[in-house]
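A.B. asks: Here you go, one structure.
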Amino acid sequence: MLSGLNALHLASKEGHVEIVKELIRRHVDVNQPTNKGNTALHIASLAGQFEVAKVLIENGALVNAQSQNGFTPLYMAAQENHLEVVTLLLANGANPTLTTVDGFTPLAVALQQGHERTVAVLLETDARGKVCLPALHIAAKKGDVKAASLLLNGDANVDHQSAVSCCHFFSQIALLNVRQIAVSHLKT
């Protein structure tokens with residue numbers, strides 16, 4: 001067991017709800033991490049195993065547990081666009097503002113992956129705009145105007161100093177787009 005995976009981790013990944021329930025009845029620790037710090041809930045969330053995630057939460061799984069890299073179950077579900085699991089985790093107290101060691105939030109990774117419905121759900125929970133600004137930077141770097149619009153409609157603070165650099169990114173992208181259009185017209 002070099003990776004630290006146990007029977008609960010494997011059953012969670014594969015969606016074997018009855019096996020998960022039996023292991024819990026046998027007092028397997030639902031929060032036992034792998035060598036990388038992932039719990040059964042991390043693994044179920046990454047695999048989109050809604051029913052398993054629900055059973056784990058009902059039996060004391062920590063919704064805000066962070067792996068060695070700072071990944072939470074919510075981050076993993078958002079990364080893979082498992083909207084049903086994202087909604088379940090949020091309904092059970094998952095904190096959408098927790099960041100990875102690299103500073104990414106679940107919203108940022110969902111945005112980066114282009115998961116629009118997951119982004120919309122995460123924005124609904126972000127009442128104070130705490131996670132919008134880092135995500136706005138990602139949208140700017142990608143030149144993703146649609147995502148930026150979603151974020152700004154969700155009240156990302158564009159007056160914040162780092163938001164100015166974000167606006168700078170967008171202006172550079174807009175300038176590049178205008179240049180590309182002009183060059184294409186010169187060729188015709």
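The values are calculated or read from the model by the stated rules, or taken from the named source; none is laboratory data. Predicted model only: the values in this text are computed from it and were never measured. When we count neighbours, we look across all protein chains shown, and the Cβ atoms used for this are built from the backbone with ideal geometry, even at glycine.
A.B. asks: Go through the range 116-128 and count every residue that is buried (at least 22 other Cβ atoms within 10 Å of the Cβ) and modelled with pLDDT of 85 or more.
C.D. replies: 3
A.B. asks: Output the qualifying pairs, or none if there are none: Cβ atoms under 6 angstrom, residues six or more apart or on different chains, first residue in the range 10-36 and within 13 Å of LYS54 (Cα to Cα), second residue small (Gly, Ala, Ser) and exposed (fewer than 15 other Cβ atoms within 10 Å of the Cβ).
C.D. replies: Pairs found: VAL30/GLY60.
A.B. asks: Determine, yes or no, whether VAL28 is of a type outside the set (D, E, K, R) and either in contact with a His (Cβ under 6 Å, 6 or more places away or on another chain) or closer than 18 Å to LEU83 by Cβ (or both).
C.D. replies: No.
A.B. asks: Which numbered condition in (1) on the phi > 0 side of the Ramachandran plot; (2) at pLDDT below 95 is the only one that PRO96 fails?
C.D. replies: It fails just one condition, (1).
A.B. asks: Going through the range 11-61 one residue at a time, which ones are in a loop (DSSP other than H, G, I, E, B) and farther than 16 Å from THR72 by Cα?
C.D. replies: Across the range 11-61, the qualifying residues are GLY15, HIS16, ARG26, HIS27, VAL28, ASP29, ASN59.
A.B. asks: Does the range 90-106 include one or more residues that are of a type in the set (Val, Ile, Thr), assigned to a helix (DSSP H, G or I) and surrounded by 18 or more Cβ atoms within 10 Å (Cβ to Cβ)?
C.D. replies: No.
A.B. asks: Can you find, within the range 68-86, the residue that is farthest from LEU122 (Cα to Cα) among those that are surrounded by fewer than 23 Cβ atoms within 10 Å (Cβ to Cβ) and out of contact with any Phe, Trp or Tyr (no Cβ under 7 Å at 6 or more places or on another chain)?
C.D. replies: GLN68
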